[in-house]
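The values are calculated or read from the model by the stated rules, or taken from the named source; none is laboratory data. No experiment lies behind these values; they were computed from the predicted model shown. Neighbour counts are summed over all protein chains in view; Cβ atoms, including those assigned to glycine, are modelled from backbone coordinates with ideal geometry.
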Amino acid sequence: MSEIMVKLNAKTSQMDNVGISTGEKLTAQDIAAACFSIDRVTENLLYAHICGDKYAQFLLKASKIHNKNGLMDDVQKRVIHLSKNRRWNLKEKHNDKLKPIACLAIDTVCQQPMCKACNGTKYREAKLCGSCSGTGVKRDTSAYMARVVGVNQTTFIRYYAHIYADIVAMLQTLILEGQREVNYQAFSS
């Protein structure tokens, strides 16, 4: 699925009859028809996560006030629904923190977090990178996330870290469901 989305992303390649190993040919119209059954939030999550489409990621974080195609309002509706299902104990003063937390979660889901010290290679000067412990991946720290949300690190860990984790899980679930639906629509006869 990931290879198909990358090959068929209009921003990264030409979309004329990409061949599939079964001998069938997929066209841009096939994928557009497959994506028609999923909502815009899921579609943009797929493009941002699989294809690295920065504009799709921008749309997910943009409000309709600033950009008529912005999807943050729809993302926030899903987050509020999730908060009711998870019974988060959010007081009125904490609601303004949901948007920056959702933006952090979108960034986490859409970008592959690469270690800046070794550029994801796992090695620096022929030795394992000490910054990422040789994994090539470095996630955002709770101190950074607390700064973005506008609270201190202890408050973030105590009140917001579980909300952030739940939103990331919700977005990952949307991506998986979207991939499943696009696969089904694209390859069903």
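Here are the numbers for the structure shown:
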quantity: Conditions (1) exposed (fewer than 13 other Cβ atoms within 10 Å of the Cβ); (2) of a type outside the set (S, T, N, Q); (3) not in a helix (DSSP H, G or I): number failed by residue 162; calculated: (3)
quantity: Qualifying residue in segment 7-25 (condition: within 13 Å of the chain's Cα centre (by Cα) and at pLDDT below 80); calculated: no
quantity: Selection count where residues are surrounded by fewer than 16 Cβ atoms within 10 Å (Cβ to Cβ), farther than 23 Å from residue 86 by Cβ and in contact (Cβ under 8 Å) with a residue 60 or more places away in the chain, scope segment 173-183; calculated: 1
quantity: Pairs where the first residue, in segment 60-75, is on the phi > 0 side of the Ramachandran plot and small (Gly, Ala, Ser) and the second is at pLDDT below 80 and not in a loop (DSSP other than H, G, I, E, B), C-beta under 8 Å, 6+ apart; calculated: none
quantity: Close pairs (7 angstrom Cβ cut-off, 6 or more residues apart or separate chains): over 17 Å from residue 96 (Cα atoms) and without any contact (Cβ under 8 Å) to a residue 12 or more places away in the chain in segment 152-172, of a type in the set (D, E, K, R) and part of a helix (DSSP H, G or I) anywhere; calculated: none
quantity: Residues located in segment 84-113, provided they are modelled with pLDDT under 75, surrounded by 11 or more Cβ atoms within 10 Å (Cβ to Cβ) and farther than 15 Å from residue 156 by Cβ; calculated: 86, 95, 113
quantity: Condition met for residue 186 (surrounded by 15 or more Cβ atoms within 10 Å (Cβ to Cβ), free of Cβ contacts under 8 Å to residues at least 40 places away in the same chain and in a helix (DSSP H, G or I)); calculated: no
quantity: Scope segment 143-155; condition in contact with a Lys or Arg (Cβ under 9 Å, 6 or more places away or on another chain) and either at pLDDT below 85 or surrounded by 13 or more Cβ atoms within 10 Å (Cβ to Cβ) (or both); matching residues; calculated: 149, 151, 153
quantity: Selection from segment 126-142 of residues that are β-branched (Val, Ile, Thr) and either assigned to a helix (DSSP H, G or I) or exposed (fewer than 12 other Cβ atoms within 10 Å of the Cβ) (or both); calculated: 141
